[in-house]
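S.K.: I am attaching a structure below and will ask some questions about it afterwards.
The values are calculated or read from the model by the stated rules, or taken from the named source; none is laboratory data. What you are looking at is a predicted structure, and each value in this text was computed from that prediction instead of being measured. All Cβ positions, glycine included, derive from the backbone under ideal geometry; neighbour counts span all protein chains shown.
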Amino acid sequence: MASKSNEIFLGIDVGSVSTKMVVLDADSLSMLDSLYVRTYGDPQASMRAAMIRLSNRQPLPVVRTAATTGSGRTLAGRLINTNIIKNEITTHTLAAVKIMPEVRTIVEIGGQDSKIIIVRDGMAVDFAMNTVCAAGTGSFLDQQSGRLGIRVEDMGEIALSSNNPASISGRCTVFAETDMIHKQQIGAPMNDIVAGLCRALVKNYLASVARGKPITPPVVFQGGVAANKGIVREFQEQTGCEIHVSPYYGVAGAYGAALLASMVKTEQPAFQGLELSGKEHRIKSFVCKKCEESCSVLMLYRDGALLSYWNDRCGRYSSGEVTYNPLVTTGEK
């Protein structure tokens with residue numbers, strides 16, 4: 001049911017793989033709409049797609065407050081003119097607590113990273129993230145499903161049909177892929193290979209991301225990988241805990257951002273997202289040499305002014321820790 005004033009709270013989660021948007025009714029906080037689009041290295045384009053979806057709603061919604069999250073949260077916030085910009089730990093916790101107030105552990109596996117969040121009394125008290133190794137993330141599963149000739153959406157059901165998971169290494173993408181190729185060469189059944197991959201990836205998550213962290217029920221599973229029933233089964237078997245998959249698993253970060261927007265009582269800048277398609281933006285890039293990652297960092301300009309950074313895995317630039325603007329200076333500040 002739409003709000004009487006047609007007002008909404010908006011949450012946007014911009015990640016390296018996908019961009020998600022959630023629209024909440026300003027009166028009831030019920031979810032009116034959600035959107036998932038691939039980012040494809042162009043957050044500006046994915047944001048524009050989200051705003052087009054929003055502007056097509058009838059009657060045209062009035063955005064009371066908007067919030068952004070994800071690795072591209074600062075960029076997204078600049079584009080739509082909001083000051084409510086929060087990290088994924090905060091927004092994923094809000095999303096999980098909303099659907100299960102007693103949650104104590106949040107498992108989140110997205111396109112490029114994975115997290116564990118320890119919750120007590122509705123608040124995140126500890127967390128760990130893995131942003132370096134892609135093993136077990138959505139992008140890795142995408143790659144392997146393509147190589148195996150199956151749809152990534154079917155991997156979970158295929159894994160569940162196996163009673164004899166193959167032995168696959170999950171500690172590294174290279175080792176995992178090598179093991180899978182070997183199993184194919186010796187004629188191992190497809191379902192056993194997929195089930196073995198699911199088992200290995202969960203084992204790796206527990207040994208690396210969740211290392212030293214207590215996995216205490218209730219456990220809520222969020223992020224796109226939560227759609228994989230084979231992964232869910234392995235988490236249940238390896239932890240001994242019932243795993244509750246969030247009904248909003250694919251857009252949990254955006255959902256949490258929208259909930260955060262609903263909590264803000266102070267006056268916010270005027271929302272500018274619906275005019276995004278009419279603004280001129282320019283993207284430049286440079287290669288950061290501060291570590292072995294050598295990220296190709298993108299910079300977004302509007303009317304010649306630097307708005308934000310994107311694609312720095314460590315957050316060195318996007319967090320505001322340092323600045324670099326080749327249109328103004330030749331070095332960092």
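S.K.: Take the conditions hydroxyl-bearing (S, T, Y), touching a Gly at 6+ places or on another chain (Cβ under 7 Å), farther than 22 Å from R282 by Cα and touching a residue at least 24 places away in the same chain (Cβ under 8 Å) and apply them to T39. Does it pass?
M.R.: Details: hydroxyl-bearing (S, T, Y): yes; touching a Gly at 6+ places or on another chain (Cβ under 7 Å): yes; farther than 22 Å from R282 by Cα: no; touching a residue at least 24 places away in the same chain (Cβ under 8 Å): yes.
Spelling it out, it is not the case that T39 is hydroxyl-bearing (S, T, Y), touching a Gly at 6+ places or on another chain (Cβ under 7 Å), farther than 22 Å from R282 by Cα and touching a residue at least 24 places away in the same chain (Cβ under 8 Å).
S.K.: If you don't mind, there's one more thing I want to ask. Can you tell me which of K183, K203, K290 is in contact with a Lys or Arg (Cβ under 7 Å, 6 or more places away or on another chain), basic (K, R), modelled with pLDDT under 95 and outside the structural domain of T74 (by TED's automatic domain parsing)?
M.R.: Working: K183 fails: in contact with a Lys or Arg (Cβ under 7 Å, 6 or more places away or on another chain); K203 fails: in contact with a Lys or Arg (Cβ under 7 Å, 6 or more places away or on another chain).
Going through K183, K203, K290 in turn, the sole match is K290.
S.K.: Confirm whether V264 is modelled with pLDDT of 95 or more, buried (at least 16 other Cβ atoms within 10 Å of the Cβ) and closer than 30 Å to F221 by Cβ.
M.R.: Taking the combined requirement at face value, the residue does not satisfy it.
S.K.: Of all residues in the stretch 272-294, which are in contact with a strand residue (DSSP E or B) (Cβ under 9 Å, 6 or more places away or on another chain) and either in a strand (DSSP E or B) or buried (at least 19 other Cβ atoms within 10 Å of the Cβ) (or both)?
M.R.: G273, H281, R282, I283, K284, S285, F286, V287, C288
To keep it simple, each residue is scored yes or no on (1) part of a loop (DSSP other than H, G, I, E, B); (2) modelled with pLDDT of 85 or more; (3) acidic (D, E).
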position: S5; (1), (2), (3): yes, no, no
position: I12; (1), (2), (3): no, yes, no
position: S28; (1), (2), (3): yes, yes, no
position: L32; (1), (2), (3): no, yes, no
position: L35; (1), (2), (3): no, yes, no
position: V63; (1), (2), (3): no, yes, no
position: T82; (1), (2), (3): yes, yes, no
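S.K.: Kindly provide the set of residues from the stretch 65-80 that are buried (at least 22 other Cβ atoms within 10 Å of the Cβ) and part of a helix (DSSP H, G or I), ordered by number.
M.R.: Just the residues of the stretch 65-80 that are buried (at least 22 other Cβ atoms within 10 Å of the Cβ), to begin with: 65-77, 79-80.
Hits for the stretch 65-80 are R73, T74, L75, A76, G77, L79, I80.
S.K.: Just one of V219, V245, V251 is surrounded by fewer than 20 Cβ atoms within 10 Å (Cβ to Cβ) and either at pLDDT 95 or above or within 30 Å of V62 (Cβ to Cβ) (or both); which is it?
M.R.: Going through V219, V245, V251 in turn, just one is surrounded by fewer than 20 Cβ atoms within 10 Å (Cβ to Cβ) and either at pLDDT 95 or above or within 30 Å of V62 (Cβ to Cβ) (or both): V245.
S.K.: Exactly one condition in (1) in contact with a helix residue (DSSP H, G or I) (Cβ under 9 Å, 6 or more places away or on another chain); (2) farther than 23 Å from D303 by Cβ; (3) surrounded by 16 or more Cβ atoms within 10 Å (Cβ to Cβ) is false for R48; which is it?
M.R.: It fails just one condition, (2).
S.K.: Tell me the residue from S208, S169, S162 that is modelled with pLDDT under 95, among the polar types (S, T, N, Q) and in contact with a helix residue (DSSP H, G or I) (Cβ under 8 Å, 6 or more places away or on another chain), please.
M.R.: S169
Conditions tested, residue by residue: (1) surrounded by 15 or more Cβ atoms within 10 Å (Cβ to Cβ); (2) touching an Asp or Glu at 6+ places or on another chain (Cβ under 9 Å).
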position	(1), (2)
L148	yes, no
S167	no, yes
C172	no, no
G224	yes, no
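S.K.: Check N228, N163 and return the single one that is of a type in the set (S, T, N, Q), in the same structural domain as Q144 (by TED's automatic domain parsing) and surrounded by 23 or more Cβ atoms within 10 Å (Cβ to Cβ).
M.R.: N228
S.K.: Can you tell me how many residues in the stretch 31-59 are of a type in the set (S, T, N, Q) and in contact with a strand residue (DSSP E or B) (Cβ under 7 Å, 6 or more places away or on another chain)?
M.R.: Start the filter on the stretch 31-59 by keeping residues that are of a type in the set (S, T, N, Q), which leaves 34, 39, 44, 46, 55-56, 58.
Still in the list and also in contact with a strand residue (DSSP E or B) (Cβ under 7 Å, 6 or more places away or on another chain): 34, 39, 44, 46.
Number satisfying all stated conditions: 4.
S.K.: Can you report the number of residues in the stretch 174-191 which are in contact with an Asp or Glu (Cβ under 9 Å, 6 or more places away or on another chain) and closer than 18 Å to T137 by Cα?
M.R.: Qualifying residue count for the region: 0.
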